[in-house]
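None of the figures in this text is laboratory data; all of them are computed from the coordinates on show. Values in this document were obtained by computation on a predicted structure and should not be read as measured data. With ideal geometry, Cβ positions are generated from the backbone for all residues, glycine too; neighbour counts draw on all protein chains shown.
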Amino acid sequence: MQTHETIQPETAIALHKTRAPTERPLDYVDLGTGTQANHDKRLIGTAAGRRILELGCGNGHAAVGLAMRGARVTAIDEDVLQVRAARELAIQQGITVEFHQTKLAELAFMAAEQIDLAVSVTSLCYVEDLNRVIRQVHRVIKVGGHLLVSLPHPAALCADPDDPTRTIHAWRGSDALDGRYIHGVEAVVSSMCRTKFIVDNLLEVHAEGQLMPSTLLVRGRKS
């Protein structure tokens, strides 16, 4: 199975710089550049007693943090080293999380309609076919449950770091930008709607002092 690397596009450094693993919080989910604890409170809310799926767990901070808040968490990632690091973090915190190394669209091991909330923090930017992933996620989410997607905003990925008012890469197109696919509002919302999610929250988050939005947040409810 191939693994992916998290590569920072040079054109995005000024607007979309992720925190180092040691800087990521456990008391709330870091949903991307410019987001704060209040975004977790608004879009995730109470975790205790809920069944949560994290798509692309990375080093495990979101999955472990949600488990520490009382959720039953299943977390997946394609990268074996990321899954290993996430397991180590769970052991360090004395928390149980169910980890799987698998591609984000390969959820056949999960029963239908068992998840209350699925969360993807930036991981879908490494996926070209959003529709396939979101179809699989829809299958495992309960009616009334939510899918929360966080992505680097196209404005951040496509801007000139020396002059953020200039766009130096097209927002549209199927080509990846240093390993990241550019998924805009239209693509994410359309994919959710095609899969019968009702979009109930859409936020374009600006990092402090930046002219362009850095993070796109979209939440959909399964009807």
- [ ] Treat every Asp and Glu Cβ in the chain as -1 and every Lys and Arg Cβ as +1, leave all other atoms uncharged, and give the resulting dipole magnitude about the Cα centre to the nearest 20 debye.
- [x] 1040
Open item on the list: Quick check on packing: order 69-75, 189-195 by the mean number of other C-beta atoms within 10 Å, highest mean leading.
Closed with: 69-75, 189-195
TODO: Give a residue-ordered list of calculated ³J(HN,Hα) values for segment 114-129 (Karplus: 6.51 cos²θ - 1.76 cosθ + 1.60, θ = phi - 60°; whole Hz; x for Gly, Pro).
DONE: 10, 9, 7, 8, 10, 10, 10, 9, 6, 5, 6, 6, 8, 10, 6, 9
TODO: Compute the relative contact order of the chain as a whole-number percentage, counting only Cα pairs closer than 8 Å that sit 6 or more residues apart in sequence.
DONE: 22
- [ ] Would you indicate which of (i) 1.34; (ii) 1.19; (iii) 0.95 is the value of Cα Rg over 2.2 N^0.38 Å derived from the coordinates of this structure?
- [x] (iii)
- [ ] Starting from the amide H of Gly145, placed 1.01 Å from N in the peptide plane, find each other amide H under 5 Å away whose residue is 5 or more places distant or on another chain.
- [x] Lys222
Task: Cα-based Lys proximity count in segment 10-222, under 28 Å, for pairs eight or more positions apart or on separate chains - done: 11
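Out of all Cα-Cα pairs in segment 69-108, roughly what percent, to the nearest whole number, are more than 11 Å apart? Provide the component values of the computation, followed by the final result.
Numbers: 491 of 780 pairs.
Across segment 69-108, Cα pairs with separations above 11 Å total 63 percent.
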Task: Overall dimensions of segment 127-207 as given by Cα atoms, namely Rg and Dmax in Å - done: 14.3, 46
TODO: May I ask which residue of Leu211, Pro164, Thr35 lies farthest towards the positive end of the charge dipole of the chain, with charges of +1 (Lys, Arg) and -1 (Asp, Glu) on Cβ and the Cα centre as origin?
DONE: Thr35
Open item on the list: For Asn201, what residues show an amide H to amide H distance below 5 Å, using hydrogens built from the backbone and excluding near sequence neighbours?
Closed with: Arg219
- [ ] Could you work out which residue, out of Ala207, Ala176, Ala62, moves most in a Gaussian network model of the chain, that is, has the largest mean-square fluctuation with Cα springs under 10 Å?
- [x] Ala176
Open item on the list: Need one number: nm distance between label points at Thr102 and Asp200, each 7 Å from Cα along Cα→Cβ, rounded to one decimal.
Closed with: 2.7
- [ ] List every residue whose amide H lies under 5 Å from the amide H of Leu177, counting only residues 5 or more places away in sequence or on a different chain, with H placed 1.01 Å from N in the peptide plane.
- [x] Ile182
